[in-house]
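The structure appears below as structure tokens.
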Amino acid sequence: MSKPRNRLAAALRLGAYLAFAAIVVAFALAAPGFLKLGNLLNVLQQSAILGLLAFGLTVVVIGGGGDVVTGGIDLSVAANLGLSAAIYATIIQRGYPDALAVVACLAAGLAVGALNAVAVTVLRIVPLLATLAVANIVSGLEFVLTQNSVVTASSPLLSWLADNGPLAIPVMAYALILVTLIAWPAVQATPSGLRLQAVGAHREAARAAGLPVTAYVAGSYLVSGLLSALAGILSAAYLTGSSPGSSETLLSVVVAALLGVVFSPRLTPTIGGAALAALFIGLLNNGFQLVNISSYWVSGVEGALILFVVACTPAQREALS
Amino acid sequence: MSAYARFGLPAALIVLIALFALTTPTFLTLANLKSIAVNHFAILALASLAMTLVVSAGGIDLSVGTAIDMAALAYIVILQQGGAPALAILGAVAGAGLVGLFNAGLIGGLALPPFLATLGTLFIGQSVQQLATNGGVPIYLIAGAPRPIFALIDASRLWLVGLAIVGVGALLTASVFGRRIVAGGVGPAVAFYSGVPVRRDIGKVMILAALIAGVAGVVLSSSVRSYAPLSGNGYLMDAIGATFLGTTFSRWGRANVAGTLLGVLLLSVVKNGLLLTGVSFYWQQVASGVVIFLVLALSFVSRREG
């Protein structure tokens, strides 16, 4: 990698951090409650669901490569979350214990991941299409299960997840931190994580080096499925049940995974970057609420952010020019 | 690629039509076929033709729904304010054209990748619509007043679709500009060094695609006689699906008008047929998802064995 590129990347990353800091400062000045510990913990709690989904998508993008159509992408994460939350709520409502609900959710999430994996690695359907078709099936199943209505559920586990844990920190905040602490080193530092990156960076070279390329790509979809199911459980806790419309979070997840790229040292998708990006979006949503700016602006600001970020990312631009 | 892979999509379409014709008495009636063409096919065909144009040029347009919505918004608001129908149509062209120009600036001017650029446009379009409608309240026109423009558009919607089919088809296969954008889509670097202004071309394509989507917006809001915010986004995933299903019909796996129309027809037939078979409303989405998945699997598996 050439020096100017490195310098540019460093400048860009600095710019992203500065933008992050500037927004925090702006909200802190405009809304007195913004920097209170309680509020920041709220943000952490509210970012947990988006964060887990963004991690899943990031893992898929790392393993599949950056091209959106032929590379790795998982458009089924949001639908998977919806199905998982619906399964959890339905099982609880019918009087079964939490343990069964958790197992069923994780199994369903893995099954969705497995279907994606088969579609992409065995049937060789391009990931954009394969995961789009799977997303349709999955949100159809959610529709069947909930009849497109709100399913309320309360259980010991759900209340515990929605509540504060030790040190008055929300349990979901712990969950986000815990998953980040597991996923970050797993993807960035373990042998399997590095091999996954090799597979995504140059599939033929990885295959020539003897890596089981197919297994790694398939594995990335399984991880994504599992993380989406976990996010679904958190969502069931946060909303005390399941409600339709989860697929609308898909684009925010894509944004978080993309923004994560600029928060990373070499402008590549990373877990740490995705975590920062999810927090960034969480802070943005929270700040807008506190300063009483209409939430109608949020998606516009997110859109402008994507454009800004991408316009500044030379790696993305080189692809076209 | 296996020579048979191309025929997966039409074969699936024929099998589905036969299946629905055998299982329901009403599927193969003239009235129902007309309903498929008018209700399911027309708007999705317009959105998918816009998508086909962009995908041919090597891009993707996540803001087709945004262009549909912005056209519909301008059209209905001008009519609501008592503007002349011609002015309303002009407004719709401007609304959709604005989306196209914005995309053209981002992709052609700033050289942003189309997926991300149009994703940004989609988000900004969401905010604009929410701000314009106080969070998503539909805009209805006062009932009772006769609106000949709606009847006119309703009656001519299939002609508009036909016009778009011929236009996009001729552009892609029989014009210099079409050859250039396909070259830019297949090999941007080669095209660029051969003297093709790749970025300027894709900018023009984005504007053209948004205008075609704008026609869909006028057709849609004329038929429901109102504007419902973000309703165009409902066509996005289907338009992508139809276009890429259609690529399986091409010898080279490229987006093409005939394939896209087959894809749109497949999606329309599945939706309509499932409705008629009386499959539980809630299972219909699963069933249509499974059908699309199977068609994709069939096409891609047979393609690989070539």
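Here are a few things to note about the model shown:
- Answer residue from segment B:283-306, given it is under 19 Å from the mean Cα position of the chain (by Cα) and free of Cβ contacts under 8 Å to residues at least 40 places away in the same chain and is farthest from B:S35 (Cα to Cα) among those: B:G289
- Filter result (touching a Leu at 6+ places or on another chain (Cβ under 6 Å) and not hydrophobic (A, V, I, L, M, F, W, C)) within segment B:159-204: B:G178
- Of the helices (runs of 4 or more DSSP H) that lie entirely inside segment B:148-263, those containing 2 or more residues that are in contact (Cβ under 8 Å) with a residue 12 or more places away in the chain span B:148-174, B:176-186, B:198-224, B:236-247.
- When A:T146, A:T70 are screened for being surrounded by fewer than 22 Cβ atoms within 10 Å (Cβ to Cβ), touching a residue at least 12 places away in the same chain (Cβ under 8 Å) and over 16 Å from the mean Cα position of the chain (by Cα), only A:T70 passes.
- Residue check for A:E302: within 10 Å of chain B (Cβ to nearest Cβ), among the acidic types (D, E) and in a helix (DSSP H, G or I): yes
- Screening A:T240 with (1) in contact with a strand residue (DSSP E or B) (Cβ under 8 Å, 6 or more places away or on another chain); (2) buried (at least 22 other Cβ atoms within 10 Å of the Cβ) gives one miss only, at (2).
- Exclusive hit being at pLDDT 85 or above, surrounded by fewer than 22 Cβ atoms within 10 Å (Cβ to Cβ) and over 12 Å from the mean Cα position of the chain (by Cα), set B:S221, B:S226, B:S280: B:S226
- Count of segment A:196-221 residues which are modelled with pLDDT of 85 or more and charged (D, E, K, R): 0
- Matching residues in segment A:1-51 - criterion: being at pLDDT below 85, assigned to a helix (DSSP H, G or I) and small (G, A, S): A:A9, A:A10, A:A11, A:G15, A:A16, A:A19, A:A21, A:A22, A:A26, A:A28, A:A30, A:G38
- Counted residues, segment B:106-121 - those being touching a residue at least 60 places away in the same chain (Cβ under 8 Å) and within 7 Å of chain A (Cβ to nearest Cβ): 1
- Hits in segment A:188-238 - residues which are β-branched (V, I, T) and free of Cβ contacts under 8 Å to residues at least 12 places away in the same chain: A:T190
- Remark: A:P265 falls outside the filter, which requires a residue to be part of a loop (DSSP other than H, G, I, E, B), more than 11 Å from every other protein chain (Cβ to nearest Cβ) and closer than 30 Å to A:S139 by Cβ.
The values are calculated or read from the model by the stated rules, or taken from the named source; none is laboratory data. Quick caveat: nothing in here was measured; it's all calculated off a predicted structure. All Cβ positions, glycine included, derive from the backbone under ideal geometry; neighbour counts span all protein chains shown.
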